[in-house]
Amino acid sequence: MKNRIKLFALLLSLGLVSTSCNNDDNEGETLAPLAGKWNVSQVGTTVNGQEFLVDAPQNESGCNKDYLDLNADNTLEEGDYDSTLAPCAIYTKAGIYSRSHNNLTAVVDGVSTTKDIVNLTLTELKLSDANGAIIVYVKD
């Protein structure tokens with residue numbers, strides 16, 4: 001009887017150990033939330049593996065920063081402040097987006113673009129396209 005109890009305890013222990021050691025690796029995908037309003041902070045490029053970033057020149061002086069607003073329902077809004085016709089006039093475009101692992105695909109005005117999510121934290125979103133162009137957003 002004692003042997004059966006020991007065998008049962010051993011099998012139970014092995015079962016618990018084998019199920020608790022499953023692969024929880026997220027394959028490099030960040031788990032930070034993507035939804036939120038992201039302000040354009042920096043732009044740049046990658047040359048020979050090195051990033052070169054500058055403050056975003058598209059941000060109008062004296063205006064709010066251009067932004068990308070990603071909603072939980074997979075809709076998006078791009079905001080562009082421009083003072084060409086009126087001081088700090090806001091121009092927006094609506095679209096949809098989807099995320100697949102570390103890729104962000106957006107469709108705005110019928111044009112689809114896919115960018116790599118280089119970095120995603122609670123406060124920063126860094127995207128890169130196939131040509132090496134980089135755009136860095138900070139959370140509002």
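Summary table below
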quantity: Residues of segment 36-115: accessible area per residue with a 1.4 Å probe, Å²; calculated: 60
quantity: Thr121 versus Ser61: modelled label distance in nm, points set 7 Å from Cα along the beta carbon direction; calculated: 3.0
quantity: Residue-span extension gain [Ala72 to Asp140] - 0.36 nm each, minus C-alpha spacing; calculated: 22.9 nm
quantity: By average C-beta atoms within 10 angstrom, highest first, the peptides 82-91, 96-105; calculated: 96-105, 82-91
quantity: Gyration tensor (alpha-carbon) shape descriptor, segment 26-140, a/c threshold 1.5; calculated: oblate
quantity: Distance in nm between pseudo-label sites at Ala130 and Ala89 (7 Å out along the Cβ direction from Cα); calculated: 3.5
quantity: By average C-beta atoms within 10 angstrom, highest first, the peptides 39-51, 64-76; calculated: 64-76, 39-51
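The values are calculated or read from the model by the stated rules, or taken from the named source; none is laboratory data. All figures in this text were calculated on a predicted structure; none of them were measured in a lab. With ideal geometry, Cβ positions are generated from the backbone for all residues, glycine too; neighbour counts draw on all protein chains shown. SASA here: full protein model, heavy atoms, side chains in, ligands and nucleic acids out. Shrake-Rupley method; radii C 1.70, N 1.55, O 1.52, S 1.80 Å.
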